[in-house]
1. With the contact rule set at Cα under 8 Å and sequence spacing of 6 or more, what percent relative contact order holds for the chain?
2. Taking a temperature of 10 °C and a viscosity of 1.306 mPa s, what whole-number D in µm²/s does Stokes-Einstein yield for region 15-77 with Rh from Kirkwood over alpha carbon pairs?
3. Pick out which of ALA131, ALA46, ALA343 has the largest mean-square fluctuation in a Gaussian network model of the chain, springs linking Cα atoms closer than 10 Å.
4. All other residues with a Cβ under 14 Å from the Cβ of ARG122 taken together, and with Lys, Arg as +1 and Asp, Glu as -1, what is their net charge?
5. I need the calculated FRET efficiency for the pair GLU27 and LEU115, taking r as the beta carbon distance and R₀ as 51 Å, to the nearest 0.05.
6. Let me check I've understood the local charge: for GLY331, count other residues with C-beta under 13 angstrom from its C-beta, Lys and Arg +1, Asp and Glu -1. What total comes out?
7. For the chain, with a Gaussian network of springs between Cα atoms less than 10 Å apart, report the residue from GLY286, GLY329, GLY229 with the top mean-square fluctuation.
8. Name the residue, out of ALA236, ALA67, ALA222, whose mean-square fluctuation peaks in a Gaussian network model built on the chain with Cα pairs under 10 Å.
Amino acid sequence: MARELGLGGSERQMTEIARALDRTKFEPRVGCFLPGGDRGDQLRAAGVPVVQFPVHSYKSPTAIAGAFQLARYIRKERIDLVHTFDFPLNVFAIPITRLFTRAVPVSSQRSHRKLVPPGYARMLRLSDRLAKSVVVNCKYLERHLTHDEGVPAERIAVCPNGIDLDVFSPSSRPREGPLVIGTVCGLHRWKGLITLLDAFAMVRKLQSGMRLVIVGSGSMLAELQSRAGELNIGDAVTFEPGTSDVTRWLRKFDIFVLPSLSEAFSNALMEAMACGCSAVASDVGGNPELIQPNETGLLFEAGNAESLASALRTLIEDPILRKRLADNGFGFVLKNYSIQSAASRMGDIYSKLLIQNLH
C-alpha cells in the first residue's frame, strides 16, 4: 500500500516489487488513496489489481469510512499480509491490520525520520510497535531505527532497492561533445542542489562547453534559477521538469551527482550507475553502501561545495578514472541490485513472517 501511485521513489519500488514477486507464491494487490498516475497504469498492465480507499484527510469522515472499508477488504479477500511503503499508510493501515484483521502488518521506513512531518512522528512510533516487521532499504536506516527510534533489531528487515536493468542500462553509443554533469531529483532543500550549483561554478571553466543539467520538479526551482544567475552560470545550466523517462537523461550524463544533505538508499543513484554514469554522491545515509570511494564512484562532504568541486575536478581532468569508475559502478549494480533480486529478498521476508504467523 502507498498513498498514491505517482513518480516518487517509494511508489516506484512498490510497483516494481509487486510486478516482480514470484506468482507461484504470492498474489499481489496494491491499495492506495489516489489510484491515478503512471505507476497505477503499470500495475494494471501487469495484471496487478489496484484498489482505492478514498481517504482525503485523516481529520475527515473519509478516514473512518476508509478504515472500515480496508478492514472489510482484508477479511473478505483473505489477505494474508499487508505491507505499507510510505509513512501516510504506515500510520493508517498498520493499526487497522493489526487490530481488526488476522493479516500480518508490515511497515516500511525509506528515509530518515527527520524528513517526516512532525505530526506523524508519534503515530509512526505506534506503527513501529504494531507492525510485525519494519522493512528498511539500507543498513543506515536499520541503525537509525534501532539507535534513534528504539525499534528492536530483530523486527527490522533489510531489503535494498532494486531496479529494472532492462530499462536502466548504458547507451549503445559513446558520449560525444563537451562533458555533461547532471542530477535527477525533486527540487527540495534537503537535496543539496545549492551545493551542486556552487561547486559547478568552481569547475565550469575547466572544460569549454561543459553543462550542468538538473532534472526534477519542486518548490525550489525559482530559487535555484536565481542562484545560477548570481553565480553567472545560467547559460551553462539547464533545468528540466521531472519525468518518468529518466533513462533518456541519464544516458546523456557523463557525471551524475547526488548532492543530498539527507538520503537513504537512492534509486536515482543506482539508476545513474546502471546507465553508465560516473557517480559522485554526498557521504550521507546509504550512499556509502553504493559508492565505494575510487572503486564505484566518489564521495564528498555533504553541503560542502569545495569538497564536491574537488571530486568533480578529479573526474573532469582524468577521463581514464572517470571511465573506470563508471564501468565498476555499472558492474556493481548489475551484480547486486536487480529488481528480481529485490523481489526475491522481499518474498523471503514475507514467507518468513507468514510462517511465524502460523505458530
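1. It comes to 15 percent, rounded to a whole number.
2. Values: Rh = 12.8 Å.
Value of D from the Cα-based Kirkwood radius: 124 µm²/s.
3. ALA46
4. Value of the local net charge: +1.
5. 0.95
6. +1
7. Residue with maximal mean-square fluctuation among GLY286, GLY329, GLY229: GLY229.
8. Of the options given, ALA222 has the highest mean-square fluctuation.
Readers should treat all values here as calculations from the given coordinates under stated rules, not as data from a laboratory. None of these values were measured; they are calculated from a predicted model. So basically every Cβ, Gly included, is an ideal-geometry build from the backbone, and we count neighbours across all protein chains shown.
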